[in-house]
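Enquirer: Right, I'll just put the structure down here and ask away after.
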Amino acid sequence: MSYFENIKKLQLKENPIIMGIETSCDETAVAIIKDGREILSEEIISSATEHARFGGVVPEIASRTHTTAILTATERALKSANLMLDDIDAFAVTEGAGLLGALLVGVSFAKALAFSTGKPLIPVSHIRGHIAASYLADKTLEPPFITILASGGHTAIVAVDDYYNLSVLGSTIDDAVGEAFDKVARVLGLNYPGGPNVERLAKDGKNVVSLPKMLKNYDGGEYDFSYSGLKTAVINFVHNEESKGNEVNKADVACSFQCSAVDVLVNKAVKACKEYGYNTITVSGGVGANGYLRETLKNRAEKEKINLVIPEKKYCTDNGAMIGAEGYLQYKKRNFADLDLNAKAVVPLNFRRR
Ligand code: KG4
Ligand code: ZN
């Protein structure tokens, strides 16, 4: 009988142990999750420093590093959970979105593990993974809630109505917020990865540079975002000042940009919560690691009496645990793949638009 014929007949475990594998960008991440909420172990091998001198992620370097790191990360994850490969009930892997070559390393590796153990292979959407990180942060968290999805590729206010039904209340019409952080970092002469470096510099600055209000004359959805104009305004400000021979206070620019980029996320999430009658907000994606966002959101949520769930910083940026957490939800639905699973550079959010 073929691998997949066997998988289709396999009985689901009550408390499955799932390995989550993430290789969509520059982190090779493997984690082992019990029952969808308990992290038994996690390993991350990052190639970020190798990309730094190029000013951004070099896909070829990312793929090659995954190839050498993935076995080590997996062996370490098994060892620190004190488990053998056969103890794993299913292998969840990011199928996309991300860098194709990088994704292929994780997908191929997960296929090999699934085939050799005769266990299910679970394809996971990277974005759903980011959202599922909140279930690890608060073991009692259940939908419905609103999540601020803020990563390098996405920016949206998403309503999570149950574990599987997600809908977009608004999203960016151009750049993602993380992308704007990275581009602003570049014009300020900061190294990759841009977001954390902008945050560091902003700590020494004040919010004094006047930047345009987002989507001023826009009559699209009120929960939409646009980061392209904000980014361009920052770039123009720096270039204009430099061409006049004025010294630019880069810390002030970083702080002003960070306030503009983040305040709008917080405001729209709180507004959406009230308008649609939700009482919990969570944060998903790399920009969720931003200290100013975390602090601002905490203060607002307290004031508005909204429950707040923010994953630890390491679970906001790419990690294997979030893939294991979402993998668990897909395991329950038997969303298993056959061995012809392919990596996808783009995965449509596939969420309803309200
Ligand atoms: O979720 P993520 O790790 O990867 C994607 O799925 O895109 O997000 C990466 C993005 C990058 O644009 C990075 O600059 C941003 O998250 N980021 C931050 C911070 N840490 C990561 N942005 C602002 N402040 C941070 N501390
Ligand atoms: Zn990510």
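Each value in this text was obtained by applying a stated rule to the coordinates, not by laboratory testing. These figures come from a predicted structure and were not determined experimentally. Here the Cβ positions follow ideal geometry from the backbone for every residue, glycine too, while neighbour counts run over all protein chains shown.
Enquirer: For a footprinting-style exposure proxy, rank Cys273, Cys25 by other Cβ within 10 Å, fewest first.
Expert: Going from least to most buried by this count: Cys273, Cys25.
Enquirer: Separate question: Report the longest stretch of the chain that contains none of the chymotrypsin sites (Phe, Trp or Tyr not before Pro) sitting in a DSSP loop with at most 13 other Cβ atoms within 10 Å.
Expert: 219-354
Enquirer: With +1 on the Cβ of every Lys and Arg and -1 on the Cβ of every Asp and Glu, and nothing else charged, how large is the dipole of the chain about its Cα centre, in debye rounded to the nearest 20?
Expert: With Lys and Arg at +1 and Asp and Glu at -1, about 500 debye.
Enquirer: As a footprinting exposure proxy, order Leu349, Leu230, Leu12 by other Cβ within 10 Å, with the fewest listed first.
Expert: Going from sparsest to densest Cβ surroundings: Leu12, Leu349, Leu230.
Enquirer: Add +1 for every Lys or Arg and -1 for every Asp or Glu among the other residues with Cβ under 14 Å from the Cβ of His130, and state the total.
Expert: For residues surrounding His130, the net value is -2.
Enquirer: Assign one of three labels to segment 194-292, namely rounded, prolate or oblate, based on the Cα gyration tensor with a ≥ b ≥ c the square roots of its eigenvalues; rounded applies when a/c is under 1.5, prolate when it is not and a/b is larger than b/c, and oblate otherwise.
Expert: Here segment 194-292 falls in the oblate category.
Enquirer: Still on this structure, please answer the following. Counting only C-alpha contacts under 8 Å and six or more residues apart, can you give the relative contact order of segment 241-339 as a whole percent?
Expert: Contact order relative to length: 24 percent.
Enquirer: Here is a follow-up. So how much slack lies between Ala112 and Glu222, counting 0.36 nm per residue of separation and subtracting their Cα-Cα distance, in nm?
Expert: Length difference between fully extended and current span is 35.0 nm.
Enquirer: Another question, if that's okay. Can you name the helices of the chain, as whole DSSP H runs, whose Cα span along the helix axis is 24 Å or more and whose Kyte-Doolittle mean is not below 1.0?
Expert: Qualifying helices, which must be both long enough and hydrophobic enough, are 100-117.
Enquirer: Okay, next question. Alpha carbon centre of segment 172-199 versus segment 286-318: separation in Å?
Expert: Measuring centre to centre over Cα atoms gives 19 Å.
Enquirer: Could I have the simple spin-label model distance between Ala345 and Arg53, label points 7 Å from Cα toward Cβ, reported in nm to one decimal?
Expert: A separation of 2.7 nm, rounded to one decimal place.
Enquirer: Oh, and also: Given a Förster distance of 25 angstrom, what is the FRET efficiency for Glu241 paired with Asp204, based on the Cβ-Cβ distance and rounded to 0.05?
Expert: The calculated FRET efficiency here is 0.90.
Enquirer: Residues with amide H under 5 Å of Val347's amide H, sequence separation 5 or more or different chain, H placed in the peptide plane at 1.01 Å from N; which?
Expert: Sorted by chain and number, the residues that satisfy this are Ala97.
Enquirer: Still on this structure, please answer the following. Please report the relative contact order for the chain, taking Cα pairs under 8 Å with a sequence separation of at least 6, and give it as a percent rounded to a whole number.
Expert: Relative contact order here is 25 percent.
Enquirer: Also, quick follow-up: Fewest first, what order do Val198, Val93, Val234 take by the number of other Cβ atoms within 10 Å?
Expert: Least crowded to most crowded, the residues run Val234, Val198, Val93.
Enquirer: Something else: Given 0.36 nm per residue, what is the gain on full extension from Glu5 to Arg354 after removing their alpha carbon distance, in nm?
Expert: Working it through step by step, the gained length comes to 121.8 nm.
Enquirer: Now, a different point. Of the candidates Thr155, Thr140, Thr68, which one comes out as most mobile in a Gaussian network treatment of the chain with C-alpha springs shorter than 10 Å?
Expert: Its mean-square fluctuation being the largest, the pick is Thr140.
Enquirer: Which translational diffusion coefficient, to the nearest whole µm²/s, is obtained for segment 1-155 from the Stokes-Einstein equation, given a Kirkwood hydrodynamic radius over C-alpha pairs, 20 °C and 1.002 mPa s?
Expert: The Stokes-Einstein estimate is 131 µm²/s.
Enquirer: What is the extension gain from Asn267 to Leu215, computed as 0.36 nm multiplied by their sequence separation minus the C-alpha to C-alpha distance, in nm to one decimal?
Expert: Between Asn267 and Leu215, full extension yields 17.3 nm more.
Enquirer: Continuing with the same structure: Using only DSSP helix segments of four residues or longer, with each worth -39500 (n - 2.57), what per-residue ellipticity at 222 nm results for the chain after dividing by its residue count and rounding to 500?
Expert: One gets -14000 deg cm²/dmol as the mean residue ellipticity at 222 nm.
Enquirer: Restricting to the chain, what percent of DSSP beta bridges are antiparallel, rounded to 5?
Expert: 60
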